[in-house]
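These notes concern the structure reproduced below.
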């Protein structure tokens, strides 16, 4: 395999929990060697390939959840990997289940901005 650079990665897979990052790692077809990152980037990355696509996996800091933490992680991802075209926040969605909206653990929830909200809202 040719040497890859930070510019080769087009998909960011963001996880909220370290357990989710571990699951993401084992789902990759191939794990790549670490690449240099900016000195100001505190993120830990797993780099790899899935079905021919180069993917960066990053995780929110342990115990620090929410939109601000997620935005900070993504900000560092796109600074270190400037050619990211798609970003996915993938996880168990433990905070999403709701009896009032019939959303349960195990359901797939996909966010869609609607003008007032930037994504999933309950």
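Read-outs throughout are calculated quantities, based only on the coordinates presented, and are distinct from any laboratory measurement. Bear in mind that the values here come from a model prediction, so they are computed numbers and not experimental data. Please note: Cβ atoms are built from the backbone with ideal geometry, for glycine as well, and neighbour counts cover all protein chains shown.
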- prompt: Using the 10 angstrom Cβ neighbour count as an exposure proxy, how do 86, 81 rank, fewest first?
  reply: 86, 81
query: Where the Cα atoms of the range 1-115 are projected onto their three principal axes, how long is each span, largest first, in whole Å?
result: 51, 30, 29
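Determine, for 32, 53, the number of other Cβ atoms within 10 Å of each Cβ, and report the residues in order from fewest to most.
Values: 32 18, 53 13.
Result, fewest neighbours first: 53, 32.
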- request: Can you figure out the FRET efficiency of residue 110 with residue 4, using R₀ = 25 Å and their beta-carbon distance, to the nearest 0.05?
  value: 0.25
message: Let me test this: with uniform point scatterers at the alpha carbons of the range 1-48, what is the Debye-based log₁₀ I(q)/I(0) at q = 0.27 1/Å?
response: -1.27
query: So how tilted is helix 67-80 from the main axis of the chain? Cα-based, degrees 0 to 90, rounded to 10.
result: 20 degrees
query: Which angle from 0 to 90°, rounded to the nearest 10, does the C-alpha axis of helix 18-27 make with the longest principal axis of the chain?
result: 60 degrees
Ascending count of other beta-carbon atoms within 10 Å, so fewest first, for 107, 41: 107, 41
field: Per-residue [θ]222 nm for the chain (sum of -39500 (n - 2.57) over DSSP H runs n ≥ 4, rounded to 500)
entry: -6000 deg cm²/dmol
- prompt: What share of the DSSP beta bridges in the chain is antiparallel, in percent to the nearest 5?
  reply: 55 percent
